[in-house]
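Reviewing the structure listed below.
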Amino acid sequence: MNPCLRSSGQRDYDNEHRLQWDVLKLFHHCSYKSLSPEKGDDITEPVEDVKWLFEELAREQEIVVSPSWPIPAKGTPEDSDKQPPHRQAANYYKKIIKDSNGQFKVTMETRRSAQQVADFRLTAGGEQPSCVERAIYLDVERGSVTRQGRDTRWLPKTP
């Protein structure tokens, strides 16, 4: 077992609920090395502790965000590059979200410009549509307080 997980006591003391997640920003630009030392031909199979974190602790309709260039297609020159993103790792993430109606998003596939920010508004009901996010940012642009006791004037402005 991974000594970090054992020392944190998550499995030993029934505290694993603290590791449950809805949105996860992937580590190291969707590299297979974040899952396993072995890349795999078509899919990277994670080591036991990582598999547990992804498959047992993700909540329904989870969102996995890969902060990377677009995932390369099999057989392309980018696919043979040692640098991430790795198609095999992306295939694992896509596999785990299928059964829970989740989403796999790649930042450089969905952005329309270099200035666009990946925004998520999460509520008890899940992720809200972007029009709601835009309305909140309009409040920020006016300098109004969106929540009691919270001054949002310092937040970045959106176009």
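Assorted remarks:
- Scanning segment 38-95 for residues being assigned to a loop (DSSP other than H, G, I, E, B), more than 18 Å from Met108 (Cα to Cα), at pLDDT below 95 and not charged (D, E, K, R) gives a total of 1.
- The numbered conditions (1) outside any loop (DSSP other than H, G, I, E, B); (2) at pLDDT below 90; (3) charged (D, E, K, R) are all true for Lys33 except (2).
- Criterion violated by Gln10 - all others in (1) closer than 14 Å to Ala89 by Cα; (2) assigned to a loop (DSSP other than H, G, I, E, B); (3) modelled with pLDDT under 95 satisfied: (1)
- Taking each residue of segment 29-47 that is within 18 Å of Gly75 (Cβ to Cβ) and looking for partners that are charged (D, E, K, R) and outside any loop (DSSP other than H, G, I, E, B) with beta-carbon atoms closer than 7 Å, six or more apart or interchain, yields Ile43/Lys95.
The values are calculated or read from the model by the stated rules, or taken from the named source; none is laboratory data. Remember, it's a predicted structure, so these values are computed and weren't measured experimentally. In this analysis, Cβ positions are derived from the backbone assuming ideal geometry, glycine residues included, and neighbour counts consider all displayed protein chains.
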